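Working notes for the structure below.
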Amino acid sequence: MKKLLWAECQKIRRLNIVWITVFATVMVAVIVFLGGQDVYDGSRNIDNAGWYMTMAQPWATFFVLPAVIALLGSYMICREEQEDTIKSLRLIPVNEVSLTAVKMIVTFAFSILLYLLLFTITFSVEAILHFSDLSLEMVLGFLKAYFLDGLGIFLAISPIIAFVSRMKKGYWLALLFAEIYSFAGLFMSMSNFLKALYPITAVFTISGYYDASTSQVILSCISLLLCGCLSAFILKGLKHSEKS
Amino acid sequence: MLRLIQIEFLKLRRRKFVWLMLLAALFMPFFALLYFKYVKELGGDPLQFYRWSAFGYTLWFILPVVLGTLCTMLMYEEKQHDMLKQLWIVPISKMGYFFSKFFLVLIYSICFMLITAVASVMFSVLPGYVEFDWGSVLYLLKKCLEIGVLTSFTMLPILALSASQKGYILPVSITLVYVFLGFILMTVNMYLHPLSSMAVIVMRNGDIPGLVFTQALNIPLAFLCICVWDIVAVLLANIALGRRK
């Protein structure tokens, strides 16, 4: 398992998709910053301490990051078959279930890292603009929220990665499915019950972005854990094509 | 050119996913149905319903993302199977090839919005939220046609980007960023991004309830913004396809 993880880390260094996901994250931060130039109540939104770190979370989550994380995950799983490297891996031999599990672990790490990158950018900008207005408690609260966002979003989209990998119809479908799935979260947030149940918005219930009761947090945890279990169940039966 | 467009449509017969993407046109009308059933009273105003079903997220997000994906698919699948070489041997003009794809996107976009319009009318009239009225239906159709035509032009830069790239990961990721940028820039400067400029043109009369512009409306500037982006996109596509062997 350790060797597989090491090998995946070596392979990922050559992937352009990693830089594309980083680029998408940076662009989200830039776009939300531009949105913060809007004047409300006589002052720019971006000048309010905490506004940038607060707003980057839902915008990035509803519109961009789940889709690119799903794309990254399904790409890593499907490329072995599409680029015909699975044959060589079978000759070694490599346990395909372990291989898939390792790829999911790397995707999980990337999900958290992308959210931490977003946190770093938003925090740096806030620190440059109004360092004195930021408290340690606020910053640590946001750090925790972004970390939980990364963790939760991975669990929320893991069934899509697993499903697309199983469908074998091209991994970029993951991007489209994940985009619709995360976008629908905008509407689910209108109802308190659906907000806690729907995996994408459940992430915000857990991370503290939404004010939620204990029962809502528990419901959200169950919803995300079910997503994780569902993806594990789908991936367990994943078998790369024998023809390849 | 017409022959090329016809061939593009014939190729679509084998791409089931392209047709499946049309189902996304039903997303917002269906959501509007649920919204006015469970969250808010409609009060019989069809424009309020259409604002949710056709002039809201469909215009800002769903249609551009679907078209961006379509542009990427159209360009990628031929490159993937190395069909381009054979097309150049025929020979066909590189810009003719590019514009045939664009016309396909244009027609797809119009069909998408027409489905949205029909679904909006059905989901509002059949449950009895609004009474059927030709005036409002024709208004919806007119606006949907406008959105369909203009959005395809605003997605021309993504088509050009897809033409210039071997893979599809960059174009589809850029589509998301591009759409999100247009959405956010609306409040900052409406004439920087084609999507926000398109919204200005569509909502020029200020007759869509609940939409307030914070900047002065300037329709020629909005057209200029779209034209500048499109000209740059066509030039980029011309250079990229010209280099491709």
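The values are calculated or read from the model by the stated rules, or taken from the named source; none is laboratory data. As the structure is a computational prediction, the values presented were derived from the model and not from experiment. Don't worry about glycine lacking a Cβ; one is built from the backbone with ideal geometry, like all the others, and counts go over all protein chains shown. SASA here: full protein model, heavy atoms, side chains in, ligands and nucleic acids out. Shrake-Rupley method; radii C 1.70, N 1.55, O 1.52, S 1.80 Å.
Below is a table of values for the structure above.
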item: Some residue of region A:33-43 being open to solvent by 40 Å² or more (accessible area, probe 1.4 Å), within 11 Å of chain B (Cβ to nearest Cβ) and of a type in the set (S, T, Y); result: yes
item: B:Y97, sole failed condition from (1) modelled with pLDDT under 90; (2) more than 22 Å from B:D230 (Cβ to Cβ); result: (2)
item: B:T187 part of a loop (DSSP other than H, G, I, E, B) and hydroxyl-bearing (S, T, Y); result: yes
item: Residue that is farthest from A:L173 (Cα to Cα) [pool: residues in region A:61-71 that are open to solvent by less than 10 Å² (accessible area, probe 1.4 Å) and more than 9 Å from chain B (Cβ to nearest Cβ)]; result: A:T61
item: Options B:G167, B:G135; residue that is open to solvent by 30 Å² or more (accessible area, probe 1.4 Å) and within 14 Å of chain A (Cβ to nearest Cβ); result: B:G167
item: Elements of type helices (runs of 4 or more DSSP H) contained in region A:67-178, each with 2 or more residues being modelled with pLDDT of 90 or more and of a type in the set (V, I, T); result: A:96-130, A:136-167
item: Selected residue (only one of B:S152, B:S136, B:S173 is in contact with a Phe, Trp or Tyr (Cβ under 8 Å, 6 or more places away or on another chain), farther than 30 Å from B:K85 by Cβ and not in a loop (DSSP other than H, G, I, E, B)); result: B:S136
item: Cβ-Cβ under 6 Å pairs, at least 6 apart or on other chains, region B:184-195 side facing chain A (nearest Cβ under 7 Å), far side assigned to a loop (DSSP other than H, G, I, E, B) and of a type in the set (A, V, I, L, M); result: B:L185/B:L192
item: Total residues in region A:1-52, condition charged (D, E, K, R), out of contact with any helix residue (DSSP H, G or I) (no Cβ under 9 Å at 6 or more places or on another chain) and assigned to a loop (DSSP other than H, G, I, E, B); result: 3
item: Residue satisfying all of: in region B:196-220; among the hydroxyl-bearing types (S, T, Y) and crowded, with 22+ Cβ neighbours inside 10 Å; nearest to the other protein chains (Cβ to nearest Cβ) among these; result: B:S196
item: Matching option when the condition is assigned to a loop (DSSP other than H, G, I, E, B) and either closer than 30 Å to B:G128 by Cα or more than 14 Å from chain A (Cβ to nearest Cβ) (or both), among B:P29, B:P91; result: B:P91
item: Which listed residue is open to solvent by 20 Å² or more (accessible area, probe 1.4 Å), closer than 25 Å to B:P64 by Cβ and within 14 Å of another protein chain (Cβ to nearest Cβ), from A:F177, A:F187, A:F183; result: A:F177
item: Test: residue in region A:149-160 that is more than 14 Å from every other protein chain (Cβ to nearest Cβ), of a type in the set (F, W, Y), buried (at least 24 other Cβ atoms within 10 Å of the Cβ) and closer than 18 Å to A:F110 by Cβ; result: yes
